[in-house]
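First comes the structure, then the notes that go with it.
The values are calculated or read from the model by the stated rules, or taken from the named source; none is laboratory data. This is a predicted model, so every value here is computed, not measured. Here the Cβ positions follow ideal geometry from the backbone for every residue, glycine too, while neighbour counts run over all protein chains shown. With ligands, DNA and RNA removed, areas are computed over all heavy atoms of the protein, side chains included. Shrake-Rupley method; radii C 1.70, N 1.55, O 1.52, S 1.80 Å.
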Amino acid sequence: MNCLPRLLCAIYVATSAGLAWTSVLQYRHGPMWAVYLLAAASLVPVIAVVREAEWHEQRTAAVPAGYTVGLDIAEAADDVVQAELDAACCERWWTSCGTDHDTRCARRVPRSSAA
């Protein structure tokens, strides 16, 4: 992780700790409904830290082998886009969102008149 996601995770942990401490204070001196509310709210930043770590793993796993993280990410993205474009069937398939094919398309399935 670089600096910004780590800072964000640190803020999440600090927020969670502050909410947990407030929950303890409410348990000692406040209404009971506030204890449950603050205890549940203190779990939300923990979920955010887990989600941020999972996103980091997905981003690093998405970079193909042979690319270094940093300047080569744009090249990796170009390669992924090119592979997707190469996998496209034909122009009519592309513009019709996969519902129709050109007449010369190899993947075209002829429609039968039999019902």
query = List, please: which pairs have Cβ atoms under 8 Å, are six or more places apart or on different chains, and start with a residue in segment 1-16 that is touching a residue at least 40 places away in the same chain (Cβ under 8 Å) and part of a helix (DSSP H, G or I) and end with one that is small (Gly, Ala, Ser) and loosely packed, with under 14 Cβ neighbours inside 10 Å?
reply = Cys9/Ala53
Segment 8-17, residues that are open to solvent by 50 Å² or more (accessible area, probe 1.4 Å) and under 22 Å from Ala61 (Cα atoms) = Leu8
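Residue check: is Glu84 modelled with pLDDT of 80 or more, acidic (Asp, Glu) and within 23 Å of the chain's Cα centre (by Cα)? Show your work before the answer.
Details: modelled with pLDDT of 80 or more: no; acidic (Asp, Glu): yes; within 23 Å of the chain's Cα centre (by Cα): yes.
Here the answer is no, as Glu84 does not meet what is asked.
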inquiry  = I want to confirm something. Restricting to segment 18-36 and keeping residues that are aliphatic (A, V, I, L, M) and without any contact (Cβ under 8 Å) to a residue 12 or more places away in the chain, which single residue is surrounded by the most Cβ atoms within 10 Å (Cβ to Cβ)?
reply    = Ala34
message = I'm trying to understand the selection: among the residues of segment 39-71, which are hydrophobic (A, V, I, L, M, F, W, C), under 20 Å from Leu8 (Cβ atoms) and either in contact with a Lys or Arg (Cβ under 7 Å, 6 or more places away or on another chain) or modelled with pLDDT of 85 or more (or both)?
response = Ala41, Leu43, Val44, Val46, Ile47, Ala48, Val49, Val50, Ala53
